[in-house]
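Since the structure comes first, as structure tokens, the remarks are kept for the end.
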Amino acid sequence: MADLGAIKWDGQSGKEYEYHIYTLDETHKAIPANYVFVKQTEPKRYRPLYVGETNNISERFENHEKWPDLKKNGVTHVCTHESSSDKKVRTNEESDIIAKWKPVCND
């Protein structure tokens, strides 16, 4: 996997979560994870478009229900964070980041 570096997304709670940045065509291991689809706005600067969670990141991006909206909004990369197998832990992180950033494709 070609990791393009790390980024910290902070949530409404003030907690910071470290994510790794990848191109959209990257393959991922079958692990539970949180993810943020982003648009690169300038070198090393990203705007979150959609925040999500999954129990298997290797399967999550195939036919993602938000893909048309993401493409329309200029998605360039995905940031991922290996997470807990406990869905509540993943959804709490997802909600925390969404509350802070209010990504355009999370409705």
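If you average 1/r across every pair of different Cα atoms in the chain and take the reciprocal, what Kirkwood value do you get, in Å?
Value: 13.7 Å, from the Cα pair sum.
From the phi of every residue in the stretch 50-58, what ³J(HN,Hα) in whole Hz does the Karplus formula 6.51 cos²θ - 1.76 cosθ + 1.60 yield, where θ is phi - 60° and glycine or proline is x?
So the Karplus estimates, Gly and Pro as x, are 7, 10, x, 9, 7, 8, 8, 5, 5 Hz.
Could you line up 59, 82, 53 from fewest to most neighbouring Cβ atoms inside 10 Å?
Placing the least packed residue first, the sequence is 59, 82, 53.
Place a +1 charge on the Cβ of each Lys and Arg in the chain and a -1 charge on the Cβ of each Asp and Glu, then give the dipole magnitude about the Cα centre in debye, rounded to the nearest 20.
Result for the chain is approximately 320 debye, rounded to the nearest 20.
Tabulate in residue order the Karplus-calculated ³J(HN,Hα) for the stretch 79-91, using 6.51 cos²θ - 1.76 cosθ + 1.60 with θ = phi - 60°, rounded to whole Hz; enter x for Gly and Pro.
10, 10, 9, 4, 10, 7, 6, 7, 4, 4, 4, 5, 6
For residue 31, list long-range residues whose amide hydrogen, built 1.01 Å from N in the peptide plane, is under 5 Å from its own amide hydrogen.
57, 58
How high is the relative contact order of the stretch 6-101, in percent, counting Cα pairs under 8 Å that sit 6 or more residues apart?
38 percent
Readers should treat all values here as calculations from the given coordinates under stated rules, not as data from a laboratory. All of these numbers come straight from a predicted model, not from anything done at the bench. Cβ atoms come from the backbone with ideal geometry, glycine included; neighbour counts cover every protein chain shown.
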